[in-house]
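Just below is one structure, and these are the notes that go with it.
The values are calculated or read from the model by the stated rules, or taken from the named source; none is laboratory data. These figures come from a predicted structure and were not determined experimentally. Counting neighbours? That spans all protein chains shown, and the Cβs are built from the backbone with ideal geometry, glycine included. Note: areas computed on protein heavy atoms with side chains; ligands, DNA, RNA excluded. Shrake-Rupley method; radii C 1.70, N 1.55, O 1.52, S 1.80 Å.
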Amino acid sequence: MAVTHKEPRFVPRPHRNELILSRLASATALVALLSACVSAPEAASPSKPTLTPSAQPTAPSPAPAILPAPAPVIVQPPAPVVAPTPSAGTAAEVAPAPLPAPEGPAKHQTFAQWLQAFEQRARDAGISEATVSGALDGVRFVPRIVELDRAQPEFTRPPWVYLDNAISQARIDQGKVLMKRHKAVFDGAEREFGVPASVITAIWGMESNFGRNFGSFRAVDAFATLAYDGRRSEWASRELLIALKIIDRGDIAATQMLGSWAGAMGHTQFLPSAYQRFAVDADGDGRRDIWGSIPDVIYSTANFLAQSGWRTGESWGVEVELPARFDYARAEIKTIQSAAAWAAEGVRTLNGAPLPPLENASIVTPAGARGPAILVGDNFRALLRYNNSINYALAVGLLARQINGGTGLTTAWPRDLEPLSRTEVRQLQEALNARGFDTGTPDGVAGPATRIGVRDYQKSAGIPADGFATKDLLQKLLASPQ
């Protein structure tokens, strides 16, 4: 979420009574949702950090029920939890795996020593003594956060698996219910920021499953742990300082500032730095509450996208058919030209309609030459600023479209292709390097340099140069001479 933009502008608010009624309705909805679901959400992250960090999809939840008329309630976020302890007599009682080697200040300081120095840094930054002592006196080092931060899954989900989980029928149905329930607030946010209700609703569903799970780690614990023993120590320290400033301002108490293990907070998973820039007090209660106020959540999310380049009235993207002999090396988000220029090269919509009038259009092919091709524009890039993942931005766009009653993609995914494991990606990188197709240092992560190396090899072998690595390609490469 490291986006550089101007500070949020003043937000003209909807009618006060309208917001009060909406907040009362949202409060009861939140109580029912949070009490009814203690399982993991459908969507995960990224990473927002989406932002996201993101937030990532798991099995879909049951179809939603429309809740009865609300009564006034006070919404409390779920209490923070400690990593579960195995019950007596279970196989889980074996000794835990050792933590990875320490990084950052943990190499040469105890947590108490680091914390003492950080408390002084917070005071020097102008944070009140009451907040420093109140928020940090009970701060904990959480080993589980270190484990999650260092985790490197052996397999990466292909885009079709990610999208299948992210865009469930239950999520589409619940999005429709909530968009209708909070229509007045969504309409006000769209008037102010130009972002459609369906897009905000889709992000809400992706990030926290509509508030069912926005995390149970205290943000101060998460950032203190990552600042002390993490890969990005200084980044986490800055986020912790901003979190303390938010607490100092009175927006939220430290015990209620809950989020993911990576520190993304509230219904739409803002990092403190994003909160500081984009959070909006839409209901006029003097606090920017992305944990308990649905108006604040909706307006804040719309403000984020508006200041990240969202263009009112413009399509985020459309599925297209590519011309024969298309150069797949150009299917990159960084290859930009007008939709008219793409049309002149033979790019067409599937139904024959004109391409949307996008000034800055790119083509993305998440599964290479055998999968769908999508023409995307500036609004897709705004979604990438929320969570820098092509799959995430595509999921938000498609979920929003289906919440609005539209359809998903038409072209079938190549579901017969098996994803490469990290070990196999490293093998691929080593083999490409050995044959003169540079991918950089082999690390098991198929990033931009690996895609370039794969494309160069594909061109040399007369294969469509889409940069999409498969088991078949790896076997073909290993069988070729060095």
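Using only Cα atoms, locate the centre of the stretch 100-133 and the centre of the stretch 216-289, then give the distance between them in Å, rounded to an integer.
With the stretch 100-133 and the stretch 216-289 each reduced to a Cα centre, they are spaced 16 Å.
If ligands, DNA and RNA are left out, what is the accessible area of Arg249 with a 1.4 Å probe, given in Å² to the nearest 10?
Here the residue's solvent-accessible area equals roughly 140 Å².
Apply the Karplus curve 6.51 cos²θ - 1.76 cosθ + 1.60, θ = phi - 60°, to the phi angles in the stretch 306-316 and return the couplings in whole Hz, x for Gly and Pro.
4, 7, 9, x, 4, 10, 4, x, 9, 5, 6
Using 17 Å as the cut-off for backbone N distance, which residues of the stretch 260-274 belong to the label zone defined by a point 7 Å from the Cα of Asp285 along Cα→Cβ?
266-268
Given R₀ = 25 Å, what would the calculated FRET efficiency be for Lys180 paired with Thr349, taking r from the Cβ atoms and rounding to 0.05?
0.25
Can you tell me the length gained on complete extension of the stretch Arg121 to Glu154, counting 0.36 nm per residue apart and subtracting the Cα distance? Walk me through the intermediate numbers first.
On the way: separation 33, 0.36 × 33 = 11.88 nm, distance 3.87 nm.
Result: 8.0 nm gained on full extension.
So if R0 is 41 Å, what FRET efficiency would Thr410 and Glu234 give, r being the distance between their Cβ atoms, rounded to the nearest 0.05? Walk me through the numbers before you get to the answer.
On the way: r = 46 Å, r/R0 = 1.12.
Calculated value: 0.35.
Just how much of Lys183 is accessible, in Å², when a 1.4 Å probe is used and the result is rounded to the nearest 10?
110
Give the aspartates and glutamates reachable from Lys334 as a straight Cα distance under 13 Å; neighbours fewer than 8 places away on the same chain don't count.
Filter leaves Asp378.
On the protein heavy atoms, probe 1.4 angstrom, tell me the percent of accessible surface of the stretch 381-482 carried by carbon and sulfur.
Carbon and sulfur together cover 49 percent of it.
Just to verify a number: what accessible area does Phe304 come out at with the full protein assembly present, 1.4 Å probe, Å² rounded to tens?
0
Roughly how many nanometres apart are two label points built 7 Å out from the Cα toward the Cβ at Thr441 and Ile463?
2.7
Under 5 Å between amide H atoms, partner at least 5 residues away or on a different chain: which partners does Val142 have, H built in plane at 1.01 Å?
So Val142 has HN proximity to Thr225.
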